[in-house]
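One structure is given here, and the rest of the page talks about it.
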Amino acid sequence: FSSTTSKLEIGSLTNQYYLEGGLDEVAIHNVELSPAEILQHYTNGLQGVDYFASPTLAKSANITISLLETVDESTKLIAYAVRNTEIRIKGSVNSGTVATLYDMVGRVIQTKILEEGSINRLLTPGIKSAIYVLSVNDHGKIQTFKIPVRE
């Protein structure tokens, strides 16, 4: 990854294609690792040793990872589950805003185009108790929520 202006996405591609599974112990390096260094990472992980215990690898203090974009307070949304029957989204959205509910492995559970206004509902009758991810895309302004649901 050599871009200085693009965002690095791990586990998704352009907010459309999502990894079906989990990620564990992600490491980002500013150099290509040799097969021996990759094997050392793997071995260290199996033994519970820090990946950077290898003398040839060094931690970088120049990396910033942002999981969520900063959202202007005037457009901030609140989302929560009402048992397992619906998810409510409170806050002003524009017509054409898209809400997508995912399970924790990235499968789409439901997508809905929201109505302009301050309260929207995604009906979710019968979904299982779990933690879900809700992504609300208001014409490029994306807000993401972890939504715990109980039956």
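Here Val105 clears all of (1) β-branched (Val, Ile, Thr); (2) modelled with pLDDT of 75 or more; (3) loosely packed, with under 14 Cβ neighbours inside 10 Å; (4) farther than 23 Å from Arg150 by Cβ except the condition numbered (4). Screening Pro35 on (1) at pLDDT below 75; (2) more than 24 Å from Ile142 (Cα to Cα) shows it passes everything except condition (1). Criterion first (at pLDDT below 65 and small (Gly, Ala, Ser)) does Gly48 satisfy it? Judged against the criteria, Gly48 is not a match.
The strands (runs of 3 or more DSSP E) found wholly in the stretch 93-143 and carrying at least 1 residues that are touching a strand residue (DSSP E or B) at 6+ places or on another chain (Cβ under 7 Å) and of a type in the set (Phe, Trp, Tyr) occupy 98-102, 130-138.
Any chance you could count how many residues in the stretch 74-100 are hydroxyl-bearing (Ser, Thr, Tyr), over 17 Å from Val149 (Cβ atoms) and over 21 Å from the mean Cα position of the chain (by Cα)?
Going through the stretch 74-100, the residues hydroxyl-bearing (Ser, Thr, Tyr) turn out to be 74-75, 80, 85, 92, 95, 97, 100.
Still in the running and over 17 Å from Val149 (Cβ atoms): 74-75, 92, 95, 97.
Narrowing further to those that are over 21 Å from the mean Cα position of the chain (by Cα): 74, 92, 95.
Of the residues in the stretch 74-100, 3 are hydroxyl-bearing (Ser, Thr, Tyr), over 17 Å from Val149 (Cβ atoms) and over 21 Å from the mean Cα position of the chain (by Cα).
The values are calculated or read from the model by the stated rules, or taken from the named source; none is laboratory data. Worth saying up front: this structure is predicted, and the values here are computed from it rather than measured. Quick reminder, even Gly has a Cβ in these numbers, built from the backbone with ideal geometry, and neighbours come from all protein chains shown.
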